[in-house]
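Laboratory data are not the source of any read-out in this text; all were calculated from the coordinates shown. All values reported here derive from a predicted model rather than from experimental measurement. For neighbour counting, all protein chains shown are included, and Cβ atoms are generated from backbone atoms with ideal geometry for every residue, glycine included.
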Amino acid sequence: MPSHTRAPKLMSVDFRRLVTQPDLNSHGTLHGGILMKWSDECAGMHARKSTGFLCVTRYIDKINFVSTARIGTILRITSVIESIGNSSLTFRITVRNDLTNNVIATIDRLVFVCVDGTHKPINHGLKLDDD
């Protein structure tokens, strides 16, 4: 457990994914579940990079599918830390077409919790600078 608090080094992280054949639904566009999985993985990696601890998804709220992505689209998934609790980090996700900058989807809130080896929540020692 951390003995002091510190600010996260990266408040925003970009990840990129290429839409390929296995990612498509029966309409030939990116399957919403795949996009959700990628977004969850991105926020999870952001949580792990920020805390140094194993972090698990606790809550996901308000997914807004704005436009479609097709095969060959390069997606930029941006994960932003919105708030920090004792053991949790709350993220906002924006998914854009990396070439056109058009918004594909947004997720208002993904909450991750840091856990120990027995899956019990632990204090990560992070704090926002303005807290």
Only four residue types carry charge here, +1 at the Cβ of Lys and Arg and -1 at the Cβ of Asp and Glu. Report the dipole size of the range 1-71 about the Cα centre in Debye, rounded to the nearest 20.
220
Label of the coordinate-derived value, Kirkwood radius over Cα pairs in Å, listed as (i) 16.6; (ii) 15.3; (iii) 14.1:
(ii)
The chain: calculated mean residue ellipticity at 222 nm from DSSP helix runs of at least 4, using -39500 (n - 2.57):
-5500 deg cm²/dmol
Show me 32-40, 65-73 ranked by packing, highest mean number of other Cβ atoms within 10 Å first.
32-40, 65-73
Using the Karplus curve 6.51 cos²θ - 1.76 cosθ + 1.60 with θ = phi - 60°, work out ³J(HN,Hα) for each residue of the range 32-40 in order, rounded to whole Hz, and write x for Gly and Pro.
x, x, 5, 4, 5, 4, 4, 5, 4
Counting only residues 5 or more apart in sequence or on a different chain, those whose built amide H sits under 5 Å from that of E82 are T90, F91, R92
Short version: ³J(HN,Hα) in whole Hz for each residue of the range 57-64, in order, from phi by Karplus 6.51 cos²θ - 1.76 cosθ + 1.60 (θ = phi - 60°), x for Gly and Pro, what are they?
5, 10, 7, 9, 9, 6, 8, 10
Under a straight-distance cross-link criterion of Cα-Cα below 23 Å, which lysines are reachable from K62, leaving out those fewer than 8 residues away in the same chain?
K37
